[in-house]
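What follows is one structure encoded as structure tokens, with my remarks underneath.
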Amino acid sequence: MKKQYIQIFIFLIGLLSIPRLNAQVLEDYNQDWEEGERETWFSSNDRLVVDLNLETFPLASFSFEFPDHSVVFVGEKLWFFTENDTAFTQEVGAFKENFEGKEAKLMVFKEGISVEDAKVQKILSKQSALKGDQTAGLAIHKRALDRQTIRDFYIVALLISLLIIAIYKWAYPYNFSILAKPSSMLNAEDFSESGGLQKFFSLDILFYVFVVNMLLCLVLLTGLVFFRQEWVSTRIDLSFGALLTMWGFGTLFLLLLAMLKFTGIKILAFLFDLGKIEFPHFFYLLRLMMISILIMSVVSMFFLMNEFYLVKPVLELSFTGLFWFYMAGIFGLFLIMVNRLGFKKYHLFTYLCIAELVPFLILAKLMLDFGY
């Protein structure tokens, strides 16, 4: 009798232990992580690297665990960013379709990361879908980005922009000397009665506005690719030709918006009886935009070529800096107009709020919501 009770007890223990045996570890890559080389003895590690075998156990699944705020690459392709601690599984076959080859080099980038922070195993499990969300695997696949493609596009687009700037300097040296020098933002030459540039809808001025919008569109498109990869990749193929096409049409669209903005400023200046103030107003802030965009372009190019995994946080800081730089420019424009043109302060403040401050804040809010 006691023997039967013992057998029943053992049987119940076995039943209780079955749910824990729903996954069998076939290959453990946690001991194979290689830390990135430190530049100095005191600097922290910033990346982990491991080679995944895609040939063995094709019916199994990969189990991944990554820490928050890390950037994950597979070979040369940017796979995804992690806002929080992330754990999921993906079938080996599905993973191999996205990243071809017998082996895949998995790289995880995060400042101060260690081998205990990330885990990769090849398991045999009935549950091969992502934890908590059955559609998340498709989203991750859509966010894959070849970093060499974005590098090639950015360099070619920047070289084209610099070439067109050189052509403009050769064709219109006088205008270039006036519109390109940063010192004009301090002395505000355009606000004087003898200002030499007073015709917006002329070939030389529109050419300059086109050049500025080329650089602006390049930075905005780069930010769009990094911040909204999933949204963009569901609509177009993120190839070199597609990015160049988007850049070209985006530049023309921004040029049209610039023309509409100038027309709106001209109408407001007429309604507020401010005289011929629209040209110095528009080009003062356009110079500010040109300076900030040039700085952003150079900084973005440096990180694209050297520290690709830091491009997204750098762009976040750059756009934040651009926002406050533009706000400071509006305040500086207000001070220049008050001191040089003798308008009443409340009259001028109302004009700048309607023409610049309110539209800029609305646009920034829309871009912020779209980015998130």
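Structural remarks
- Total residues in segment 81-100 satisfying the condition of being assigned to a loop (DSSP other than H, G, I, E, B) and within 24 Å of the chain's Cα centre (by Cα): the figure is 4.
- The single residue among Ala258, Ala269, Ala242 that is assigned to a helix (DSSP H, G or I), at pLDDT below 85 and among the small types (Gly, Ala, Ser) turns out to be Ala269.
- Flag for Phe319 being assigned to a helix (DSSP H, G or I), at pLDDT 85 or above and not β-branched (Val, Ile, Thr): yes
- Single match in Tyr284, Tyr346, Tyr309 (criterion: among the hydroxyl-bearing types (Ser, Thr, Tyr) and farther than 29 Å from Leu221 by Cβ): Tyr346
- Count - residues of segment 297-309 that are without any contact (Cβ under 8 Å) to a residue 24 or more places away in the chain, in a helix (DSSP H, G or I) and out of contact with any Leu (no Cβ under 8 Å at 6 or more places or on another chain): 4
- Among residues of segment 206-239, those that are of a type in the set (S, T, N, Q) and in a helix (DSSP H, G or I), counted: 4
- Residue in segment 323-341 that is exposed (fewer than 15 other Cβ atoms within 10 Å of the Cβ) and not in a helix (DSSP H, G or I) present: no
- The C-beta contact set for segment 113-134 (first residue closer than 19 Å to Leu54 by Cα and at pLDDT 50 or above, second residue of a type in the set (Val, Ile, Thr) and in a loop (DSSP other than H, G, I, E, B), distance under 9 angstrom, 6+ apart or interchain) comprises Lys122/Thr56.
- Segment 60-78 - residue that is at pLDDT below 80 and on the phi < 0 side of the Ramachandran plot and, of those, farthest from the chain's Cα centre (by Cα): Glu76
- Any hit, segment 142-153, residues being modelled with pLDDT of 75 or more and of a type in the set (A, V, I, L, M, F, W, C): yes
- Any chance Leu238 is within 16 Å of Ile205 (Cα to Cα) and not aromatic (Phe, Trp, Tyr): no
- Per-region count, segment 53-74, residues surrounded by fewer than 17 Cβ atoms within 10 Å (Cβ to Cβ) and assigned to a loop (DSSP other than H, G, I, E, B): 7
The values are calculated or read from the model by the stated rules, or taken from the named source; none is laboratory data. Predicted model only: the values in this text are computed from it and were never measured. Note that each Cβ is placed from the backbone with ideal geometry, even for glycine, and that neighbours are counted across all protein chains shown.
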